[in-house]
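J.: Next up is a structure, given as structure tokens.
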Amino acid sequence: MMIFRRMKRICWLGLAWLFFGIGFAGMFLPLLPTTVFMLLALACASRGSPRFARYIREHPQIGPTLVAWERERAIPLRARIMAVSMLAVSMLIILFTVSVLAVKVSLLIFLSLLALWLATRPEPKGEGANLAVSGESLPRE
């Protein structure tokens with residue numbers, strides 16, 4: 001039974017690193033989302049390595065946004081503006097590159113609804129609200 005738990009932990013940790021790597025790449029590639037993969041990395045790390053999960057939560061660039069989402073389901077204004085801007089760029093690219101009309105319209109509707117949902121998320125109000133906007137790291141608990 002101990003081997004099964006260890007293998008399970010290693011799998012969660014492997015997935016956490018995979019999602020973290022993809023999320024990191026998303027910081028530099030416009031069509032690859034960062035936050036979604038960092039949230040997945042945090043969820044997997046929480047099951048596989050509390051130390052890695054703490055590292056992600058305390059990371060100065062991504063941690064405050066993830067903590068605000070975990071605590072309040074809120075997204076800082078700066079992150080919402082960036083996400084909606086990237087969705088707009090993606091929609092322009094789709095508009096000019098996708099040739100199948102049904103696929104093009106479906107993608108544009110989906111991304112528009114996603115942008116609307118993101119735009120209507122609340123601002124963080126809790127302890128990490130100012131940190132999430134300023135980019136400072138969270139205090140150690």
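J.: Could you point to the residue in SER106, LEU92, PHE24 farthest towards the positive end of the chain's charge dipole, with +1 and -1 charges on the Cβ of Lys/Arg and Asp/Glu respectively?
T.: Positive-end residue among those listed: PHE24.
J.: For a Förster distance of 22 Å, can you work out the FRET efficiency between the beta-carbons of MET2 and ALA43, rounded to the nearest 0.05?
T.: Working from the Cβ atoms, E equals 0.40.
J.: With the cut-off at 1.5 for a/c, could you classify the chain from its C-alpha gyration tensor as rounded, prolate or oblate?
T.: Oblate.
J.: If you place +1 on the Cβ of every Lys and Arg, -1 on the Cβ of every Asp and Glu, and leave all else neutral, what size is the dipole of the chain about its Cα centre, to the nearest 20 Debye?
T.: That gives a dipole near 540 debye.
J.: Considering the zone a paramagnetic label at ALA25 would reach in this model (a point 7 Å from Cα along the Cα-to-Cβ line), which residues of region 94-120 have amide N under 13 Å from it?
T.: Within reach of a label on ALA25: no residues.
J.: Mean separation of Cα pairs under 8 Å and 6+ residues apart, divided by the residue count of region 68-118: what relative contact order is that in percent?
T.: 37
J.: I've got another one for you. So what is the relative contact order of the chain, in percent, for Cα pairs below 8 Å that sit 6 or more residues apart?
T.: For the chain, the relative contact order is 24 percent.
J.: Could you give me the ³J(HN,Hα) list for region 75-82, computed from phi with Karplus coefficients 6.51, -1.76, 1.60 and θ = phi - 60°, whole Hz, x at Gly and Pro?
T.: Per residue, the Karplus-derived 3J(HN,Hα) values read 10, x, 3, 4, 5, 5, 4, 5 Hz.
J.: Continuing with the same structure: Would you mind counting up the charge near ARG47? Only other residues with Cβ under 10 Å from its Cβ, with Lys and Arg at +1 and Asp and Glu at -1.
T.: Charge balance near ARG47 sits at +2.
J.: What is the local net charge at MET86, summed over the other residues whose Cβ is closer than 14 Å to its Cβ (Lys, Arg +1; Asp, Glu -1)?
T.: +2
J.: With the cut-off at 1.5 for a/c, could you classify region 1-44 from its C-alpha gyration tensor as rounded, prolate or oblate?
T.: prolate
J.: Calculated FRET efficiency, GLU58 and LEU18, Cβ-Cβ r, R0 22 Å, to nearest 0.05?
T.: 0.60
Read-outs: derived from the displayed coordinates by stated rules, not from any lab. Everything numeric here is computed off the predicted structure, so don't read it as measured data. No Cβ is skipped: glycine too gets one built from the backbone with ideal geometry, and neighbour counts run over all protein chains shown.
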